């Protein structure tokens, strides 16, 4: 999965998480509010729309620039809100129930354009288009009964989308009529997991809501979390520790967020929960950035610093084509679940797709929670690099690999225009 310069992101990649340690963003549809809530239950921030009150908001996506992107459904708009509660941008649209920032690639070209992926409930359509020109033809659109959710796997070449609605959940490719994968049912939510599995929220006949983890290669249900009677579930998302966050409305009429153990247990084992009266939590998202490779560089003329975050998928993009253009992919091997004692290898592949030479390139990555760094495993291929380590998450980088190593930093003098690039990697062991 590839990313670009000046990316501000929040989301999920094939193998990398953008996750919180203390804060969640919650959409309270019933009360027309978006909240930031700490895992101790403290409300840290809330927004009701200000002069134009939010009306049935369905989605709120936190961005690394500190802003929140909100699908204000019944007001027919998408807004980007600053933490001082002023509105940075507004897009007038038609009944948005889901919104994502993403990149549209022109064929195999890495030259990206900022776009919005929006689900319109009234039209039953998912559309990706440039947010400043809604009168123009969209890059991509797909109609489906009762659409609720859409996600995109960004990268060069033909885009692939995951969509969910009242007829089923499917993986579709741009320009292809038949879905790559289809799973019949009535779904409120769907998201890709790092393993390649799909996490869905499904309403079963009779009204019971379940959260399922499905392997699209075999249609096998890997895990199932069944909600208690009279509980409505709208959203499910996996967090860095592998557990599942579930959002909805419980039998007491409270909006709730629950962190459930993964793999699924019977009965469902809850780690953490949050609930408030007379609410309906339609969406929950994570705040913060953890375990994402950060690549910083300048051009050969010293024309400023650019940043790439490797392996994440919901960017705000600012592209200056005359400068270096670093794209990066972060993967993990093995891709599937690991158990205590297992070893995993993280690899970051990077290249310069722009016309300028990138200089003073630093790649910084964090050792994932629940693992420990394997000494002497950090390395490079293609280009030589200086490797340094940070301990206990603070202090200065140095050459020592004494435990605990919490961050690794590679420094590369130059990455040539168009063809320059290489890989860096390290291994970790899952803690017992």
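Could you give every pair whose Cβ atoms fall below 7 Å, whose first residue belongs to the stretch 328-343 and is under 20 Å from residue 213 (Cβ atoms), and whose second residue is assigned to a loop (DSSP other than H, G, I, E, B) and at pLDDT 75 or above, counting only separations of at least 6 or pairs across chains?
As it stands, the answer is 335/196, since those pairs meet every condition given.
Working carefully through the options 259, 191, 178, 235, find the one that is closer than 26 Å to residue 139 by Cα and under 20 Å from the mean Cα position of the chain (by Cα).
Result: 191 is the single residue among 259, 191, 178, 235 that is closer than 26 Å to residue 139 by Cα and under 20 Å from the mean Cα position of the chain (by Cα).
Check residue 311 against each of (1) at positive phi; (2) modelled with pLDDT of 65 or more; (3) in contact with a strand residue (DSSP E or B) (Cβ under 8 Å, 6 or more places away or on another chain) and name the one condition it does not meet.
Only one criterion is unmet by residue 311, namely (2).
Touching a strand residue (DSSP E or B) at 6+ places or on another chain (Cβ under 8 Å), at pLDDT below 90 and surrounded by fewer than 20 Cβ atoms within 10 Å (Cβ to Cβ): does that describe residue 295?
Criteria not met by residue 295.
Is it the case that some residue within the stretch 410-421 is within 17 Å of residue 372 (Cα to Cα) and surrounded by 14 or more Cβ atoms within 10 Å (Cβ to Cβ)?
Let us first name the residues in the stretch 410-421 that are within 17 Å of residue 372 (Cα to Cα), namely none.
Looking through the stretch 410-421, none of the residues is within 17 Å of residue 372 (Cα to Cα) and surrounded by 14 or more Cβ atoms within 10 Å (Cβ to Cβ).
Does residue 423 fit the bill of being within 26 Å of the chain's Cα centre (by Cα), within 16 Å of residue 348 (Cα to Cα) and touching a residue at least 12 places away in the same chain (Cβ under 8 Å)?
yes
Yes or no: the stretch 19-34 includes at least one residue that is modelled with pLDDT under 80, out of contact with any helix residue (DSSP H, G or I) (no Cβ under 6 Å at 6 or more places or on another chain) and assigned to a strand (DSSP E or B).
Taking every residue of the stretch 19-34 in turn, at least one turns out to be modelled with pLDDT under 80, out of contact with any helix residue (DSSP H, G or I) (no Cβ under 6 Å at 6 or more places or on another chain) and assigned to a strand (DSSP E or B).
Identify, please: which residue in the stretch 151-175 is at pLDDT 85 or above and in a loop (DSSP other than H, G, I, E, B) and is, among those, surrounded by the most Cβ atoms within 10 Å (Cβ to Cβ)?
Taking the candidates together, the pick is 165.
In the stretch 193-230, which residues are modelled with pLDDT under 85 and either closer than 21 Å to residue 59 by Cβ or part of a strand (DSSP E or B) (or both)?
Result: 193, single match.
Which of the residues spanning the stretch 231-245 are closer than 20 Å to residue 27 by Cβ, touching a residue at least 40 places away in the same chain (Cβ under 8 Å) and not in a strand (DSSP E or B)?
239 - this is the single residue of the stretch 231-245 that is closer than 20 Å to residue 27 by Cβ, touching a residue at least 40 places away in the same chain (Cβ under 8 Å) and not in a strand (DSSP E or B).
Suppose the filter is more than 24 Å from the chain's Cα centre (by Cα), loosely packed, with under 14 Cβ neighbours inside 10 Å and under 18 Å from residue 191 (Cα atoms); does residue 230 pass it?
Here the answer is no, as residue 230 does not meet what is asked.
Hey, can you tell me all the residues within the stretch 44-61 that are assigned to a strand (DSSP E or B), in contact (Cβ under 8 Å) with a residue 24 or more places away in the chain and surrounded by fewer than 17 Cβ atoms within 10 Å (Cβ to Cβ)?
Correct list: 45 only.
Give the residues of the stretch 246-282 that are within 19 Å of residue 224 (Cα to Cα) and assigned to a loop (DSSP other than H, G, I, E, B), sorted by residue number.
250, 261, 262, 263, 264, 265, 266, 267, 268, 269
The values are calculated or read from the model by the stated rules, or taken from the named source; none is laboratory data. Note that the structure is a prediction, hence the values are computed from the model and not measured. No Cβ is skipped: glycine too gets one built from the backbone with ideal geometry, and neighbour counts run over all protein chains shown.
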